[in-house]
Structure formats: C-alpha cells, structure tokens
1. For the stretch 308-333, which positions are surrounded by fewer than 24 Cβ atoms within 10 Å (Cβ to Cβ) and of a type in the set (G, A, S)?
2. Enumerate the pairs (first residue in the stretch 625-639 and of a type outside the set (V, I, T); second residue anywhere and part of a loop (DSSP other than H, G, I, E, B)) with beta-carbon separation below 7 Å, excluding pairs fewer than 6 apart on the same chain, so at least 6 apart or on different chains.
3. Please verify whether E537 is among the acidic types (D, E), open to solvent by 30 Å² or more (accessible area, probe 1.4 Å) and within 18 Å of G360 (Cβ to Cβ), treating the condition exactly as stated.
4. Of the residues in the stretch 490-544, how many are over 19 Å from S461 (Cα atoms) and β-branched (V, I, T)?
5. Residues of the stretch 54-92 being within 30 Å of R497 (Cβ to Cβ), open to solvent by less than 50 Å² (accessible area, probe 1.4 Å) and in a loop (DSSP other than H, G, I, E, B), which ones?
6. Considering only the stretch 429-455, state which residues are over 22 Å from T77 (Cβ atoms) and assigned to a helix (DSSP H, G or I).
7. Is there any pair with a first residue in the stretch 93-113 that is within 27 Å of Y392 (Cβ to Cβ) and a second that is hydroxyl-bearing (S, T, Y) and part of a helix (DSSP H, G or I) whose Cβ atoms are under 7 Å apart and which are 6 or more apart or on different chains, and what are they?
8. In this structure, does T278 turn out to be open to solvent by less than 10 Å² (accessible area, probe 1.4 Å) and either closer than 25 Å to G163 by Cβ or acidic (D, E) (or both)?
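The values are calculated or read from the model by the stated rules, or taken from the named source; none is laboratory data. Computed from a predicted structure; not experimentally measured. Cβ atoms come from the backbone with ideal geometry, glycine included; neighbour counts cover every protein chain shown. Quick note on the areas: whole protein, heavy atoms, side chains included, nothing else; ligands and nucleic acids left out. Shrake-Rupley method; radii C 1.70, N 1.55, O 1.52, S 1.80 Å.
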Amino acid sequence: MPVASLPAPPPVKAPGTATHCPYCALQCGMSVAATEEAGVRDVVIAPRAEIPAGAGGLCQKGWTAGELLTNGSRLTTPLIEGRPATWAEALDHVAARLRRISAEHGPDAVAVFGGGGLTNEKAYLLGKFARMALRTSQIDYNGRFCMSSAAAASIRAFGMDRGMPFPVTDLAGADTVLVAGGNVAETMPPFVRHLARMRERGGRLIVTDPRLTPTAKAADLHLQLAPGTDLALALGLLHIAVAEGYVDEDYVAARTTGFDAVAISVSAWWPERVERVTGVPVALLREAARLLGTAKRAMVLTGRGAEQHAKGTDTVSAFINLALALGLPGTEGSGYACVTGQGNGQGGREHGQKADQLPGYRKIDDPAARAHVASVWGMDPGDLPGPGRSAYELLDALGTPGGPRALLLFGSNPVVSAPGAGRIAERLAGLDLLVVADVVLSETAAKAHVVLPVTQWAEESGTTTNLEGRVLLRRRAVAPPSGVRSDLAVLSGLAERLGHPEGFPAEPRAVFDELRRASAGGPADYAGITYERIAAETGVFWPCPAEDHPGTPRPFLDRFAHPDGRARFIPVNHRPADEEADEEYPIHLTTGRVLAHYQSGAQTRRIASLVRAVPEAYVELHPDLAERLGLADGDRVRVTSRRGGAEVPARITGAIRSDTVFMPFHWAGRASANLLTNPALDPVSRMPEFKVCAVRVEKA
C-alpha cells in the first residue's frame, strides 16, 4: 500500500525538544531544534519514533511546520481598528467594550467562538471565561463542523464519545477495515502505515467515497457512491449481513439492546434498491459485507465524508449498527471508530467550549454536573448559564436583533471554513465588536476591530488529546517573538479587567491541574493524568480517575457506558440530501482536503513549499461531464450554488463520478468552496451539510 510521499528528513543540527505536530488529530511526535546563525533563525524538525499513532512518520505539513515560526508572516503587535496598539491599550479597550455591550444588551450579547486546535488548557479556560467572567451562554467552536455527528451517534450507541476507543496500532492486526468517507492518505498520511501493516498481513481495506482518492486507490474494494447516500449504503450492508447470516447473535444477545427493531427497518434496503440509490453495484455491496462479516477481526471507521451531512448522526448510527451486528465494538482487535480530524478535536469537545457541555464531557443541563463544576470554579450553580447556540446558528445570529453583538474568536477562521461563508462574512461585519486572537492575519482577523497576536504550538506548552483518546504533552521548544502573548495570558488579562483577578491563570500546568479537578467523575475523567505521567508514558488514555490508575486504552471491553452496560442499536432510515440536483443546479458538489494544506489554509498557504505543491484551488470534473460542458483541463470555471459562486481552474480526471464535482476548501475569496456549501443542519448534532449541495458549472 503506497504511503504518501514524504520529504527526506533534514539533518538534525541540535538536540530537539520533544513535542507534537500542530496539525491533525494523529498528533505525530516530533522534536524541534532552533538554531541561529548571523541573526537568521532556523527551526529543524525530526520525527519521534516512540509515539505509536504517528508510526515514526510525518507528512509534508509536519516537516514544514517550523517555517511558520520563522518566515515573517506572524502577527506580533495588537491592532485596534488596524492601528498598532500596546497590550494594555488593546485589553483595556476590549474589556471596556465588553462591559458596555453586556450592560446594554445582556450577557448573551457577547459570544465566544473557539477551535478544535486549541490545547485542552485553552479549551477549558475559554469555556470557564465565557460562563464565569462573561456569564454568557453563547459559546461554541469549529469542532461542531468536524466530529459532532460521530460524537452524537457514539453517545446514543455507547453512552460515551471517545472517537477511537482503541489504540490506532490495533488497526495493523485487523483482517478487514472499512473506511467510510475518509481520505487518510491525504488528511493524515502516517495513519496509512497502520493500514499498510494490516494489508501486509493479508488484511483487506474497503473505502467508500465518491472520488477515487489516494486512499481509495490503495483499497481492495472501492465503493464509489453518490454524494449524500452513505446512509443508504450502510443500511444495505446491514441488510446483507442479516440475510447472509453474518450477525454475531451471541454478542447481540449479551451486549446490546434494540437489534430486532433495526433488523426490521433494514429489511426494506435490499441490495438492488441500494444500488439504485447509491450507484454502487450489488456485487460490490455483497463483497464488502462478506469481507466484514467473515473477518475474525474487523473495524468500521467513519470520516467527514459520511458525517458532514444534515443526516450525519443517523448515517454514523447506521455504520455503528452494522458494527454492533457483527460483534465488533468492545471486542479487542475489532471495533467502530471516528477518525477525528483537528489536532485536538477529541480534547476540544471534552472540556467546555461546546455550547451544551461542561468540563469532563458533562452535560451543561445536568444539575449534578453543574454543581460539581461550579464548586471547582467557586460559584453558585444557578449562576452558570445554560446551553447556547450551536456553531453555525451562533455565527448566523451575529449582529441580528436578539443575537450577539460582540464576538471573541480564538483558533478559527469562519470567513473561510463556515458553510455559506459569504453570509457569515456579512454577519461578522454587523457586529459592534469583533476580537480575533490569532497567529497570522487570517481572513477573519482582517475583518476584526481588535486583533491579538498569540503564541503558536512550538512557543508554548500544553496538552492535546489525539484521535485515540491519548492525552499528550506539547512542550515549548522556541521562544515566541517579542510582543506575542499566549491565549491563556489573553484570557487571564481580560478576566482581571472584568473583575476576576483570581481563577484564570496564564500558566498551562495550573490550568491543567484545575481541569483535572473539574473533569473528575465525568465521562472524560482526567483526574489521574499529570504532566509527569504523560512524559513518562508517552501519553495517558482517558478515563483515568486516579494517579495510580493505568488509563483506559479500550474502554468498552467489559461494558458500554450506558447504565445497563449494553450498547444501543438505533433504528434510522435514509433520506435524500437537503438539496438535490435539479434542472437549474444539475450537478453535485462535494468538498474535502488535499495533502499539502490544512483546514482554512491560514497557516499552510503561508508556507512556500506547500504553496508550490498545490498553489491554488480547483474543481475536479469527470471527462464526460467536461465534454458535455465544453470544458478543457485548466479552463477557468465558475461554480455556482444557491448561496454564491466561485471561480477556479478545471482539473479533468476520471477519479470522480460524472454527476459530481469536487473542490478543496482551503482557499479564500473567489476560490472559496464554502461560498457554495449548504448550511442545512443535522437535527441532533447541528452539523452543517458540507459534503453535498447542488451546483451549476460553466466556463468563466
């Protein structure tokens, strides 16, 4: 199985500081060494082989991560209305404006928006700051756009969301792995090494994707389904499993509830019907079900392609139902997992920056949870705000009557990353106050009234929780530029000006120690995890309720997290995408990532070698579609949806369905894919429907 090409490691010029990559949820280990000659600073990066998830590798984003520390694109001075200011001026200005807006319009007139790349310490203190210092319920984060559907489905089925409830190294021992809607060869290339080891043993890889991605090319079986039909495909696979006798009846009887209702519901999804809906031939459906059903050890993994839909929670539930019927979850060497995307996508949703949660993955409307967290914070539980708006709903309400009039934004770039991005840009422009803390002048920061320059990954310490639930330690490796402060220092300075001189420390270890107390007894219990343990053990799996507890690599081996210890089958049914192709907009658009860039591209588009690798956005079209539209490779193309239009060059390729086009979402302005995407929301997770909408394509 080919592994995405990696640059040759540079020579190590000096001993490095052991830390982790700033990008995806694999959180590959790396060492960072800084040198300076003749006033020129250089940062040398090398992989750390002792971190299991990264398998001793780095992708080209990881190898080049040091360039952002040295290439001169950093923000180093606070800005007020575009003019340089001192930190005292900037923080005084922000605090005064926040007090005035809150006094005139109520505490919910101030909102906070976080990110799945923030460390656990930042996510925790951001949630505390919103609810204690601002007393606002209006806080959410961009992780709502990533893993929320899988999280909701896992909680329904298992009683707990830990994206990958087993070590990623277990993949190598599987006989069959199904990756539903994931392109790990580009999004997290070192992950592919675990799949390669599985296939070297004779294991089989199945990939579902509308495109023949690098991951799909490496698969034994590629199910090239129509965008938005993942749910129907999962129902069809379970139908075949039931009909062909692949169900593990002993496991279902001993460890689950609700199977009979699900078995009845999938009886309507016979293979020929699924073929008509998805476009996947019956023979391939049967072969996929056979490979999964006859494997001694099998795993079902979902990615954003299956999850980023207005029915994403039900889609993941359908894949979990398939896994449960085959007896996989909670069985060593098998299981279901969500391939978490953002660097701290797991930890970022555990500790309180999500609209409906408190630290430790507690529900904000649970009286016992409120009492526990309030006792740690030294406040009355009645003073804790309740649930707020979800991410898109929060952004869409900005500057509207009854909506927030001020926004504090950390670690996100919604002008590029939010669905229907043009509308979100208008909402941001309607605010009385937009404050952005960032490393670079992102497209969102460029619209802010106040910009606060903050430290980045190698300039600070803190913890992240990778895709397998392993808590890791990032260590400070280089000194930040003069004039830059950490996000924790920003929150501490604002809290002091808002009347909270205590309770908001700027030192990461102090924040983590409080996080441990606040999470104690919750589903995501970090009470027994210390910086020293993380360093000594190369990470600790949660839940870990005490310092003498070993951590929990596989939490469901004995029981699931529901009170009766059983997993739940959830009956679901397929429904069409919110926006189907029609005469006016006859083509499906789907979006995704490319190897060289990450998320909104605010960082990777500033790294020269990554820009050379993929310099601009594009739209992929099948040759048959291009011929019908009179387009040639490289033509400038206008792609239009009901929400806006983008102009990009055409790439003609047989790797995509003839009824579908694909755009990567890392670019801004007229090349932004999210000018087109549909903000229709999943009713459970509030996930927008990024992965399918109707468009028109024509020569620009």
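1. Selection gives G327, G333.
2. Hits for this filter: L625/S658; R636/A700; R638/A700.
3. In short, no.
4. 0
5. S73, R74, L75, P78, A85 - these are the residues of the stretch 54-92 that are within 30 Å of R497 (Cβ to Cβ), open to solvent by less than 50 Å² (accessible area, probe 1.4 Å) and in a loop (DSSP other than H, G, I, E, B).
6. Hit for the stretch 429-455 is A429, nothing else.
7. Listed pairs, sorted by first residue: A109/S102; V110/S102.
8. no
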